[in-house]
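Computed from the coordinates by the stated procedures, all read-outs in this text should not be read as laboratory data. Just so it is clear, the structure is predicted and the values come from calculations on it, not from any experiment. Neighbour counts are summed over all protein chains in view; Cβ atoms, including those assigned to glycine, are modelled from backbone coordinates with ideal geometry.
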Amino acid sequence: MRELLSKYYKLLEEIKSLKGIVALLSWDQENQMPPLAVSSRAKQRGLIEKLVHQKLTSSDYIKIVFELNSKKELLNSIDSRSVSISNKEIIKSLKLPSDFVEEFANLKSKTQQAWIDAKTNEDFKLYQPLLEEMFEYTRRYAAYIDDSKPIYDVLLDDYEEGMTTNKLHKIFKELKTNLKEILKKVKAKESSHVFTSSIFEKNKTEKLIKEITNKLGFNYAKGVLGDVHHPFETKISNEDVRINVKYSEHDLAFTLTGAIHELGHGLYEQNISHKYEHTAFSEGASLTIHESQSRLLENMIGRSKEFWEFFFPVITNYYPELKNFTYEDATNDLNIIKSTFIRTEADEITYNLHIILRFEIELMILNKEIDIKDLPQVWNNKMEELLGIRPVNLSEGCLQDVHWSIGAIGYFPTYSLGNLASAQLWHKFKNDNLDFKNKFKKGDFSSYFNWFKNNIWQYGSLYTSEEFLNNSTDEPLVAKYLIEYIKEKYL
Ligand SMILES: [Zn+2]
């Protein structure tokens, strides 16, 4: 048994190393790579990805995982969880015919290009036939994986183990009713334009972000701050976590909230215990819990008065022209509630209504209750129903997100689930750390760092989201904490 386990972990380490190389190649492509290197880089990436696939589907590896999985009761809980994850991954990949995998991959790149063309030309017809095909392939994908389950349940399981359409319906119904009510009652606030009042040079902002991220616990001995077109976080290895920022010279709030969001993901990845480094769960893989960590730092902490009481004076060291404003002005500007068309720019309340809109539409398309050709209309009607505004063009409407064009159908709900989990964990954190506000004001964020390291980060994805929440809050995921948090903050 011991020999089998050590062979398994050796192969797993090779697979993880190759995946790390792929991640490094794409990070470099976003950050540094000269534009003419696109096709040589695609070849390099393709080669390494092929090696990953070969390792994952090699008879050697499959045999070892299957054998260990059949004797799981003899393994300790850590090895058993790791083997289960690897086993599930193999079973899924074996269910998909290789022709299908290749066709689906091609369809994804063609559809993404069609989405870009349709968006540029404001012409839905350029996208419609490929999007139809994309949903059809998604239905086929779900049938290959498990045709006894509802399609959407199969898709959800790829992103959020254990989540079902029924559970989502229940949670989203409560959320939708409450948020629509709250939205009607929130008073309109004027912006002081703190974060758009000057030109914010990249070099200075970068130093500022280094100072903020350092203070919150990001370890630059095993981390990098990157500069990209779309913010993201990526992990090359356990000692190399990269948070990537999109700099705006005109909107400092955009740059900072994006950086703080990615920092939340980065802190999680940087603080997974060494004990689990070798396992299949040495990454924060559960999307709900991962997103809960970024949203919690971005919203509950990064938009709070205490945070700005400490950090606003720091910002004025870099940008003395902001001394005309107060930290209250800054907090005010970061918490303005207003219905807008674009999901990624939405506030804490309307963001979730954007997600519910997408969830309801995805389900209708998959169940063939609506025709894709009617999507722009259906989208606009739903937006009017949920947010009280109607897009006038496609880029502000149904063409704004890349997700469907790359086959990420069933993914959107995890954003809102992350928000719900963040509020639930935040509630528990506050109960356990009654004095946190006074400490935050003085720039002491250790209570935050330690609580989340102990309760979440150190475990990677040893637990599912549901288990994480049950372990640290004694409840499964519920809507009430986000609703309470929003009511307390905005009403
Ligand atoms: Zn995120």
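Set the Förster distance to 22 Å, then compute FRET efficiency between residue 53 and residue 28 from the Cβ-Cβ distance, nearest 0.05. Show your work: numbers first, answer last.
Working: r = 21 Å, r/R0 = 0.97.
With R0 = 22 Å, the Cβ-Cβ based efficiency is 0.55.
May I ask what percent, to the nearest 5, of DSSP beta bridges between residues of the chain are antiparallel? Working shown, then result.
Numbers: 5 of 10 bridges.
About 50 percent, rounded to the nearest 5.
Show the residues, 5+ positions off or on another chain, whose built amide H is closer than 5 Å to the amide H of residue 226.
243, 244, 245
Report, ordered by chain and residue number, the aspartates and glutamates lying within cross-link reach of residue 119, taken as a straight Cα distance under 13 Å and ignoring same-chain residues fewer than 8 apart.
396, 401
With the Cα gyration tensor of the range 373-429 in hand, convert its eigenvalues to equivalent ellipsoid semi-axes via √(5λ) and list them largest first in whole Å. Don't jump to the answer; show the numbers that get you there.
Numbers: eigenvalues 156, 50, 14 Å².
Value: 28, 16, 9 Å, ordered largest first.
Return an integer: the convex hull volume of the alpha-carbon atoms of the range 104-254, in Å³ per residue. Please report the intermediate quantities before stating the final value.
On the way: hull volume 35.4 nm³, N = 151.
Output value, Cα hull per residue: 234 Å³.
First measure r as the distance between the Cβ atoms of residue 323 and residue 277, then evaluate 1/(1 + (r/R0)^6) with R0 = 35 Å and state the FRET efficiency to the nearest 0.05. Display every interim value, and only then the final one.
Numbers: r = 46 Å, r/R0 = 1.32.
With R0 = 35 Å, the Cβ-Cβ based efficiency is 0.15.
Under 16 Å Cα-Cα from residue 439, which aspartates and glutamates qualify once same-chain neighbours fewer than 8 residues away are excluded?
306, 309
By count of other Cβ within 10 Å, fewest leading, how are 196, 57 ordered? Intermediate values should be presented prior to the final figure.
Numbers: 196 16, 57 13.
So the ranking, lowest neighbour count to highest, is 57, 196.
Taking the radius of gyration and the Kirkwood hydrodynamic radius from Cα positions alone, what is the Rg/Rh ratio for the range 296-357, to two decimal places?
Using only Cα positions, Rg/Rh for the range 296-357 is 1.07.
Starting at 0 and stepping by 5 Å, how many percent of the alpha carbon pairs of the range 334-491 end up in each bin?
1, 8, 14, 17, 16, 14, 12, 9, 6, 2, 1, 0
Rounded to whole Hz and in sequence order, give me ³J(HN,Hα) for the range 152-157 from the Karplus expression 6.51 cos²θ - 1.76 cosθ + 1.60, θ = phi - 60°, writing x for Gly and Pro.
Here the 3J(HN,Hα) series is 5, 5, 5, 5, 4, 4 Hz.
Sequence neighbours fewer than 8 away in the same chain don't count; with that in mind, list the aspartates and glutamates whose C-alpha is under 15 Å from residue 55.
Correct list for residue 55: 13, 14, 89.
Per the Kirkwood treatment, what hydrodynamic radius in Å, one decimal, follows for the chain from the mean inverse distance over all distinct Cα pairs?
Details: mean 1/r = 0.0415 Å⁻¹.
Its Kirkwood hydrodynamic radius stands at 24.1 Å.
Limiting things to C-alpha atoms, what are the Rg and the maximum Cα-Cα separation (Dmax) for the range 190-229, in angstroms?
That works out to 13.1, 42 Å for Rg and Dmax.
Report, in debye and to the nearest 20, how large the dipole of the range 37-141 comes out about its Cα centre when Lys and Arg carry +1 and Asp and Glu carry -1 on their Cβ. Show your work: numbers first, answer last.
Working: 18 positive and 15 negative charges, 71 e Å.
Magnitude of the dipole: close to 340 debye.
Which three semi-axes in whole Å describe the equivalent ellipsoid of the range 1-135, each the square root of 5 times a Cα gyration tensor eigenvalue, listed largest first? Working shown, then result.
Details: eigenvalues 271, 80, 29 Å².
After scaling each eigenvalue by five and taking roots: 37, 20, 12 Å.
Calculate, axis by axis, the spread of Cα positions in the range 155-218 along the three principal axes, and write the results as whole Å, longest axis first.
Answer, in whole Å and largest first: 49, 36, 20 Å.
Using the C-alpha gyration tensor of the range 235-357, what are the square roots of 5 times its eigenvalues, in whole angstrom, with the largest one first?
Numbers: eigenvalues 170, 78, 30 Å².
Whole-Å semi-axes of the equivalent ellipsoid: 29, 20, 12.
222 nm [θ] for the chain, helices only, -39500 (n - 2.57) per DSSP H run of 4+, per residue, to 500?
On the way: 20 runs with 304 residues, N = 491.
Calculated from helices alone, the mean residue ellipticity at 222 nm is -20500 deg cm²/dmol.
By how many nm would the segment from residue 67 to residue 450 lengthen if fully extended, with 0.36 nm per residue of separation less the alpha-carbon distance? Could you put the intermediate results ahead of the total?
On the way: separation 383, 0.36 × 383 = 137.88 nm, distance 3.87 nm.
Going from the current span to full extension adds 134.0 nm.
May I have the pair-distance distribution P(r) for the range 1-63, computed from all Cα-Cα distances with 10 Å bins from 0 and rounded to whole percent?
In order of increasing distance, the bins hold 20, 41, 23, 13, 3, 0 percent.
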